[in-house]
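For reference, the structure discussed in these notes is given below.
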Ligand SMILES: [Zn+2]
């Protein structure tokens, strides 16, 4: 089982979270940075744990930060993926002006394209704005993480070869639109994720979410789709390998 998007460096003890995940049957996780401080923390953790898949990038919430040091880091480190990157237009005003968000996203897509790295994408109220940008980089592949759009909104991204990350929100009985999307998606387009500690599960509030909760995401997704957890687990593992490479399922080594 693979947690395709989380933030180990935002947890009080990321190393304990790796062990707990392993004990819960989660073989590996992709841990993502979002600004310079978190990217450096992600790099330090990945050096202590060889084999830990990691993504570096500048999140749209931090789009007014300098982008050049992040681009430099991507070139030097060649991480598993570029992320967390994307667009966020929620709020008035949004966290950063759209033209600045677009410039930062495109600069990172250029590097992903050149280095042939997949991307982990954040989109909030921004799928219509995101689509034409991704279309300009047809060789780049990635995943829409913690996606909650409608199937109609998501379909053109599937046509581009993007995968969809299903988070712990699927465990909430009232997440009607997400459950509808999870049923409609082809199994070969789905990744599991916790986005720990940011996205809650039914009965588990965001600061307490850990990659070790991923089996609950798997169980809820399998139930919603009417498929066995074993089938969904092996398919999502295979999807992760296809996108992020053969080493992505671990093992994550201890220090
Ligand atoms: Zn995230």
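Does segment 38-60 contain at least one residue that is under 24 Å from residue 131 (Cβ atoms) and away from the ligand (no atom under 16 Å from the Cβ)? There is no residue in segment 38-60 that is under 24 Å from residue 131 (Cβ atoms) and away from the ligand (no atom under 16 Å from the Cβ). Among the conditions (1) closer than 19 Å to residue 147 by Cα; (2) touching a helix residue (DSSP H, G or I) at 6+ places or on another chain (Cβ under 8 Å); (3) within 16 Å of the ligand (Cβ to nearest atom), residue 84 misses just one, which is (2). If you go through segment 1-17 and keep only what is within 17 Å of the chain's Cα centre (by Cα) and more than 16 Å from the ligand (Cβ to nearest atom), you end up with just 1. Within 15 Å of residue 248 (Cα to Cα) and in a helix (DSSP H, G or I): does that describe residue 100? Answer is no for this residue. Within the option set 216, 153, being over 17 Å from the mean Cα position of the chain (by Cα), free of Cβ contacts under 8 Å to residues at least 60 places away in the same chain and closer than 21 Å to residue 22 by Cα holds for one residue only, 216. Quickly run through segment 182-208 and pick out the residues that are within 16 Å of the ligand (Cβ to nearest atom), assigned to a loop (DSSP other than H, G, I, E, B) and touching a helix residue (DSSP H, G or I) at 6+ places or on another chain (Cβ under 6 Å). Of everything in segment 182-208, those that are within 16 Å of the ligand (Cβ to nearest atom), assigned to a loop (DSSP other than H, G, I, E, B) and touching a helix residue (DSSP H, G or I) at 6+ places or on another chain (Cβ under 6 Å) turn out to be 194, 196, 197, 198, 199, 200. With the structure loaded, tell me whether residue 212 is under 12 Å from residue 1 (Cα atoms), outside any loop (DSSP other than H, G, I, E, B) and in contact with a strand residue (DSSP E or B) (Cβ under 8 Å, 6 or more places away or on another chain) or whether it fails that test. No.
For segment 215-226, a residue qualifies if it is part of a helix (DSSP H, G or I) and either more than 16 Å from the ligand (Cβ to nearest atom) or surrounded by fewer than 16 Cβ atoms within 10 Å (Cβ to Cβ) (or both), and the qualifying residues are 215, 216, 218, 219, 220, 221, 222, 223, 224, 225. Among the candidates 105, 117, the residue that is buried (at least 18 other Cβ atoms within 10 Å of the Cβ) and within 16 Å of the ligand (Cβ to nearest atom) is uniquely 105.
Taken over segment 158-174, the residue count meeting the criterion of being part of a loop (DSSP other than H, G, I, E, B) and over 23 Å from residue 197 (Cβ atoms) is 3.
Read-outs throughout are calculated quantities, based only on the coordinates presented, and are distinct from any laboratory measurement. None of these values were measured; they are calculated from a predicted model. So basically every Cβ, Gly included, is an ideal-geometry build from the backbone, and we count neighbours across all protein chains shown.
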